[in-house]
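What follows is a short report on a single structure.
The values are calculated or read from the model by the stated rules, or taken from the named source; none is laboratory data. Small disclaimer: the values here were computed from a predicted structure and weren't measured. For neighbour counting, all protein chains shown are included, and Cβ atoms are generated from backbone atoms with ideal geometry for every residue, glycine included. Surface accessibility is based on the protein's heavy atoms, side chains included, excluding ligands, DNA and RNA. Shrake-Rupley method; radii C 1.70, N 1.55, O 1.52, S 1.80 Å.
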Amino acid sequence: DLPAEDRRSILHRVADELGRRRGELLATMMHEANKTIDQADVEVSEAIDFARWYGDRALDLQDVAGARFEPFGVIGVVPPWNFPTAIPAGGILASLAAGNAVVVKPAPQTPRCVEIVAEACWSAGVPKDVLRFVRTADDVAGRRLVESVDAVILTGSSETADLFRQWKPDIRLFAETSGKNALI
């Protein structure tokens with residue numbers, strides 16, 4: 001229910017907070033994902049850029065010429081391990097810019113990277129009841145998450161996307177996948 005201008009301001013503060021936490025993000029990506037400092041630094045910069053860009057896009061979603069934009073509700077963000085900061089940040093920030101609540105479930109290999117992004121969001125003013133961080137295995141609890149949200153943003157394999165569709169055939173799935181049946 002937050003007005004677009006307020007969402008924009010908060011997401012711009014997220015960008016500032018991610019910048020303040022750059023060192024922590026670099027060290028964590030190097031530890032959890034075996035990133036080099038050059039790889040990690042570029043990824044943090046991308047996450048910061050996402051926060052500013054999606055913040056500005058929030059304004060584009062205001063009512064225009066009688067059309068009304070409606071958020072989906074609760075978005076599940078399921079990022080990969082190999083881009084543990086920029087990709088989850090993109091899914092989280094795009095969802096928040098559009099007025100959705102978010103539940104983010106990190107890859108088991110890189111949970112702290114995603115947790116730092118969530119902490120930056122909370123420090124910038126995103127309420128904890130609007131952004132939830134859930135560290136869980138990919139088993140029953142992961143399935144329950146997919147089945148309970150209004151839409152899912154996935155970056156992963158086409159097999160994972162197929163599995164999500166088996167669990168919830170009418171799922172709103174926004175996926176960038178790899179594999180034999182890659183989705184666009």
Residue separation between residue 5 and residue 30 times 0.36 nm, minus their alpha-carbon distance, gives in nm 5.5 nm
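Using a probe radius of 1.4 Å on heavy atoms only, what accessible surface per residue do you get for the range 43-184? Whole Å² is fine.
On the way: 6810 Å² over 142 residues.
Using a 1.4 Å probe on heavy atoms only, each residue of the range 43-184 averages 48 Å².
By Kyte-Doolittle mean hydropathy of at least -0.5 and Cα axial length of at least 15 Å, which whole DSSP H helices of the chain are selected? Provide the component values of the computation, followed by the final result.
Numbers: long enough: 4-20 (24 Å, -0.97); 22-33 (16 Å, -0.07); 37-60 (35 Å, -0.38); 86-97 (16 Å, 1.72); 111-123 (18 Å, 0.52).
Going by DSSP H runs, the hits are 22-33, 37-60, 86-97, 111-123.
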Under 15 Å by backbone N from the virtual spin label 7 Å along Cα-to-Cβ at residue 69, the residues of the range 7-28 are 7-12
In whole percent, the Cα-Cα distances of the range 1-77 spread across 10 Å bins from 0 upward as 18, 36, 27, 15, 4
Of 76-84, 37-45, ordering from highest average Cβ density within 10 Å down gives 76-84, 37-45
Rounded to whole angstrom, the alpha-carbon centroid of the range 36-113 lies from that of the range 125-184 at a distance of 14
Counting only protein heavy atoms with a 1.4 Å probe and every protein chain in place, the carbon and sulfur fraction of the accessible surface of the chain in whole percent equals 52
Note to self, the chain gives a 222 nm [θ] from helices alone (DSSP H runs n ≥ 4, -39500 (n - 2.57) apiece, / all residues, nearest 500) of -17000 deg cm²/dmol
Between [x] 55, 41, 23; [y] 42, 41, 28; [z] 55, 37, 29, the structure-derived Cα extents along the principal axes in Å is [y]
With all protein chains present and a 1.4 Å probe, the order of 123, 95 from largest accessible area down is 123, 95
